[in-house]
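What follows is one structure encoded as structure tokens, with my remarks underneath.
The values are calculated or read from the model by the stated rules, or taken from the named source; none is laboratory data. On a predicted model such as this, the values are computed, not experimentally measured, just so you know. Here the Cβ is made from the backbone with ideal geometry for all residues, glycine too, and neighbour counts use every protein chain on show. Just so you know, the surface numbers come from the protein's heavy atoms only, side chains and all, with ligands and any DNA or RNA stripped out. Shrake-Rupley method; radii C 1.70, N 1.55, O 1.52, S 1.80 Å.
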Amino acid sequence: MATKRTLTQVEQALREKTREVDVLHRISESISNTLDLEAVLRHIVDMVVEVTKADACLLYLLSDKRDELILRASKNPHPKLIGRITIGMGEGITGWVARERTRVVIPNSASDDTRFKFFHNLPEDRYQAFVSVPITTKQEVVGVINVQHKRSRRYRPDELALLSTIATQVGGAIENARLYDQMTRKALQLDTLSQVSETVSSNRLIEDVLQLIVTMTAQMMGSKICSIILLDQPTGELRIAATQSLSEQYRRKPNVKIGQSISGRAVQDRRPIIVPDVTKEGTYMYPDMAAKEGLCSLLCVPMLVREKAIGVINTYTSKPHTFTAEDVKLMQAIANQAAISIEHTTLLEKSFEMQEALQVRKLLDRAKGYLMRSKRLSEEDAFKLIQRQSMDLRKSMREIAEAILLAGEIEERADKRRD
């Protein structure tokens, strides 16, 4: 009987080991087929749920600043929560596991644990059993996997060992996917900067240049909305000059004054401003519009020309996003290139205006000279005559001067023929 029981135990252990090997093989095969970080995370969660028969599984990754954990994948909690839940290092059970680099196993009444943190939009308080395992690579924690069961559960040693093995195995895959993601993003950034430079130096109309810049910037930053807002010097107001947003409500957003809202402050202070969530920012003037359009984090960068702000470039995300120093530096480079393009166009327009004014002045001088000779008028009377004709006929001074000179030429030709 004892031998039979021992044999049964050996067979059970063999089945468990075979299952573990199969799971690890499937995970290894899956993560080696893609470097897409989001796909890797989703697959990890699915596999963990399958292995543990969990009612819920949440995967957190350490932020770039390594000061908080961000929910990046889950099974059962609503998908809209992905990227919106953050936990500080040492905060709650998840933060404690990341900081201490050790797993936590709670077979029942998980919410009674003193380290437990309640989230209003996560159903964690409804679960009894809870396992939290650190994800590591190169002896560094990169994230945490949480497994939850609605009923009390005694986790077997082999289950816990498998979870830890999975966490260790996928740590390297996550790091590789992250590196690939960073490389892809870098390549896109360099390509965007190159295209922006080409666009700025092209002969396109300034409206087309600005529209291309916001379109390329939105693609590079993964923006929900990207816009260029320019300062109108006479009124001191900031108005939307270009945006890739199709939202009429956003496009018709009222102008703001310097110092008002986020854009006005960025212009006034000549510095970038980051807002984690515009719907919760007291100084943001359009929280209702932002909520309706699904806007969350904002990076507002001033467009500077010789330390003078002429507007801003705004980029919004649809979910919480931590803008890095590199993001700010990149956006500032684009903003400054756009500012240079605008200044160049303005100088050209002023140059054309000066040339036009000079031509008009020469025409007026010639027209006055003709009237002074032919009508024996003083210079002042000749000018007043041209001015009065311009007002009466609703024609420009240039048009009146050209008409006088044309009439003079016709009269001179007629006189020559009579002679």
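Summed over the stretch 368-381, the residues that are surrounded by 13 or more Cβ atoms within 10 Å (Cβ to Cβ), out of contact with any Gly (no Cβ under 8 Å at 6 or more places or on another chain) and within 19 Å of Glu412 (Cβ to Cβ) give a count of 5. When every residue of the stretch 296-308 is checked against the conditions, none turns out to be more than 20 Å from Gly83 (Cα to Cα), open to solvent by less than 20 Å² (accessible area, probe 1.4 Å) and assigned to a loop (DSSP other than H, G, I, E, B).
Kindly indicate whether any position in the stretch 371-389 is under 52 Å from the mean Cα position of the chain (by Cα) and either at pLDDT 85 or above or not charged (D, E, K, R) (or both). Looking through the stretch 371-389, none of the residues is under 52 Å from the mean Cα position of the chain (by Cα) and either at pLDDT 85 or above or not charged (D, E, K, R) (or both). Selection of the stretch 235-264 for residues being touching a residue at least 24 places away in the same chain (Cβ under 8 Å) and of a type in the set (D, E, K, R) yields only Lys253. Those residues that are outside any strand (DSSP E or B) and within 20 Å of Leu231 (Cβ to Cβ), I need them from the stretch 309-332; list them, please. Scanning the stretch 309-332 gives Met331, Gln332.
Among the candidates Ala241, Ala266, which residue alone is among the small types (Gly, Ala, Ser), over 14 Å from Ala290 (Cα atoms) and at pLDDT 90 or above?
Values: Ala241 fails: at pLDDT 90 or above.
Just a single option satisfies the conditions, and that option is Ala266.
Checking each residue in the stretch 215-246 for being open to solvent by 20 Å² or more (accessible area, probe 1.4 Å) and part of a helix (DSSP H, G or I) picks out Thr215, Met216, Gln219, Met221. Residue pairs whose Cβ atoms lie under 7 Å apart, sitting 6 or more positions apart in sequence or on different chains, and linking a residue in the stretch 114-140 that is of a type in the set (D, E, K, R) to a partner that is open to solvent by 20 Å² or more (accessible area, probe 1.4 Å) and at pLDDT 85 or above, are Arg115/Trp96; Lys117/Glu91; Arg126/Lys150. Number of residues in the stretch 390-419 that are open to solvent by less than 60 Å² (accessible area, probe 1.4 Å), closer than 18 Å to Glu356 by Cα and either over 60 Å from the mean Cα position of the chain (by Cα) or of a type in the set (Lys, Arg) (or both): the value is 0. In the stretch 371-388, the residues that are more than 20 Å from Val360 (Cβ to Cβ) and without any contact (Cβ under 8 Å) to a residue 12 or more places away in the chain form no Cβ pair under 7 Å with any partner that is assigned to a helix (DSSP H, G or I) and open to solvent by 80 Å² or more (accessible area, probe 1.4 Å), whether six or more places apart or across chains.
Any residue in the stretch 111-125 that is at pLDDT below 75 and of a type in the set (A, V, I, L, M)? Yes, the stretch 111-125 has at least one match.
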